[in-house]
Amino acid sequence: NSAANNTFLMLHGFPETATTWMWDVLPEFERQFGKDNFQLIAPDLHGINYTDPKSEDIQFYKLSNMVDELKTLVQQHYKLDKVWLVGHDFGANLGWYVYYLAPDMLNGYVALAVGPLKYVGAVEGTGADPVWTAAGDYRDAWLKNADFWAFAWLKNLTVTPLGVEGHIPERDAAWQHQESLKYQTRWYAAGAAPTKALLKAIEDSANRTMPPSGFIAGSRDPILPIKQRVCCDVSWFGDTYFQFADTTHWIQHEDPQAVVTFIKNLMNGGEMLQKLPDFCAAQPKNMTEHCQANLAVSPLPNHETIYQMCEKKCPDATRAVQDCLINNITASCVLDYCEKEGEYNMCINQHAECKYLQGTPLREYAHENLCALSKDDLKAVEAAASHHINPSSPTSQFLDRPPMRSDSPCAAMARTAPP
């Protein structure tokens, strides 16, 4: 209801689209707020689905470049002074940019899966936490080889990457439209490190009244494993309200009731919510037993990296993961890795020195996606990634598949979408 007092701007993450909010969260909003008592505004973000342009310029996909567009969308297009903001994954990253750079347009903010950027940058930027590093090395792989991974997914749409469940036809249609998944992976190539302007805004926020903010984390999130250190870093969270959901990374799909209830409680002043110091005070001591005081120094023997430690026992496996999946991915190297994957797994799983490389998201994505492709498919992926195929037509030669069905929901959206 566009006349409702409660308006929410919903920012999706990777590899989803604006429709991520339709399937599970929207019905829960209707149940808790009533159908006529709210408005959801859910844009597709840069590069994905029917957005235009789909730029080849990596700078176009930097989160800082989207903040002003969202302000224009809210204040000029919808003629709204303020909205409640909700973001998941990369959309939560973007949401923190909006929160600090444009707080005057917000009534409040709820981030799903991604905590305050000052905190995330402190943990991830150093590589000092081995569990966090192991869980996130896929981000390094996608930063360096964004197009290869995107074209591999487009070539193998039978997989369900990153644990996304349900609504597969709509998802696949969005990814295929002008190969938009290729452009969405460029969010990783552009990087999400806080800019100088953002860091200054975070610093200045200590001396101004900020909108209320909340953060919901999945207690079983394999991608951002915050449970093992959230109570180590209480000071980084400021006045943010905090809650664990019994979910993996996909909180809005797995427990939409918890998400909407949290939002509603934040809107009501947060009396039913906890801030992180209160949450941690009630936790057992083993929540902090692995905390390290100095995030700039690796806690591993001789301050090694997780790869240096594993290389002592499994040098071939360690080098293959780094060379073939992260640093310079090629079809021939992937083929070699996949042929020896069982041997590598056996070595990694046998040695304690390699415990951080056991079952990482990156290796699981490689197994489910890259190793499922044929030699010819991998060569086609490599060629497409190398030549940056022009996505000007709705169906490129690379995909080698018929256009979107005329009766699909996304095709109907395309026929009615504004230019």
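Considering only residues that are free of Cβ contacts under 8 Å to residues at least 12 places away in the same chain and not small (G, A, S), look in the stretch 317-332 and name the one that is surrounded by the most Cβ atoms within 10 Å (Cβ to Cβ).
This residue is D323.
If you take the residues of the stretch 362-372 that are in contact (Cβ under 8 Å) with a residue 12 or more places away in the chain and surrounded by fewer than 20 Cβ atoms within 10 Å (Cβ to Cβ), which of them is farthest from M309 (Cα to Cα)?
Per the criteria, the residue is A372.
Check off (1) crowded, with 20+ Cβ neighbours inside 10 Å; (2) under 19 Å from N1 (Cβ atoms); (3) not hydrophobic (A, V, I, L, M, F, W, C) for G87 and give me the number that stays unchecked.
With (1) crowded, with 20+ Cβ neighbours inside 10 Å; (2) under 19 Å from N1 (Cβ atoms); (3) not hydrophobic (A, V, I, L, M, F, W, C) applied to G87, the lone miss is (2).
Scan the stretch 250-262 residue by residue and report those that are farther than 17 Å from D89 by Cβ and crowded, with 22+ Cβ neighbours inside 10 Å.
First pass over the stretch 250-262, keeping only residues farther than 17 Å from D89 by Cβ: 257, 260-261.
Of everything in the stretch 250-262, just one residue is farther than 17 Å from D89 by Cβ and crowded, with 22+ Cβ neighbours inside 10 Å, namely V260.
Counting only residues that are of a type outside the set (S, T, N, Q) and more than 17 Å from the chain's Cα centre (by Cα), which one in the stretch 212-226 is surrounded by the fewest Cβ atoms within 10 Å (Cβ to Cβ)?
Within the stretch 212-226, the match that is surrounded by the fewest Cβ atoms within 10 Å (Cβ to Cβ) is P212.
Conditions first: (1) open to solvent by 80 Å² or more (accessible area, probe 1.4 Å); (2) at pLDDT 95 or above. G342 passes all but one, so which condition is the exception?
With (1) open to solvent by 80 Å² or more (accessible area, probe 1.4 Å); (2) at pLDDT 95 or above applied to G342, the lone miss is (1).
Only one residue in D400, D407, D336 is at pLDDT 95 or above and of a type in the set (D, E, K, R). Which one? If you could, list the steps in order and put the result at the bottom.
Values: D400 fails: at pLDDT 95 or above; D407 fails: at pLDDT 95 or above.
One residue alone meets the criteria, D336.
If I ask for residues that are under 13 Å from V230 (Cβ atoms) and not in a strand (DSSP E or B), which ones from the stretch 253-277 would you list?
Once the filter is applied, which keeps residues that are under 13 Å from V230 (Cβ atoms) and not in a strand (DSSP E or B), the stretch 253-277 yields L276, P277.
What's the number of the only condition in (1) touching a helix residue (DSSP H, G or I) at 6+ places or on another chain (Cβ under 6 Å); (2) open to solvent by 70 Å² or more (accessible area, probe 1.4 Å); (3) closer than 29 Å to W142 by Cβ that A193 fails to meet?
(1)
Could you give me the residue pairs with C-beta distances under 8 Å whose first residue belongs to the stretch 213-233 and is within 24 Å of L85 (Cα to Cα) and among the hydroxyl-bearing types (S, T, Y), whose second residue is open to solvent by less than 20 Å² (accessible area, probe 1.4 Å) and part of a loop (DSSP other than H, G, I, E, B) wherever it lies, and which are 6+ apart or on separate chains?
S213/P116; S213/T240; S219/T247
F237 versus (1) out of contact with any Leu (no Cβ under 6 Å at 6 or more places or on another chain); (2) surrounded by fewer than 23 Cβ atoms within 10 Å (Cβ to Cβ); (3) touching a residue at least 60 places away in the same chain (Cβ under 8 Å); (4) under 30 Å from C291 (Cα atoms): which is the lone unmet condition?
That leaves (1) as the condition not met.
Go through the stretch 18-38 and count every residue that is within 18 Å of L73 (Cβ to Cβ), in contact (Cβ under 8 Å) with a residue 60 or more places away in the chain and open to solvent by 10 Å² or more (accessible area, probe 1.4 Å).
Residues flagged as within 18 Å of L73 (Cβ to Cβ), in contact (Cβ under 8 Å) with a residue 60 or more places away in the chain and open to solvent by 10 Å² or more (accessible area, probe 1.4 Å) within the stretch 18-38 amount to 1.
The values are calculated or read from the model by the stated rules, or taken from the named source; none is laboratory data. Please read all numbers here as calculations on a predicted model, not as lab measurements. FYI the Cβ positions are ideal-geometry reconstructions off the backbone, even for glycines, and counts take in every protein chain you see. SASA here: full protein model, heavy atoms, side chains in, ligands and nucleic acids out. Shrake-Rupley method; radii C 1.70, N 1.55, O 1.52, S 1.80 Å.
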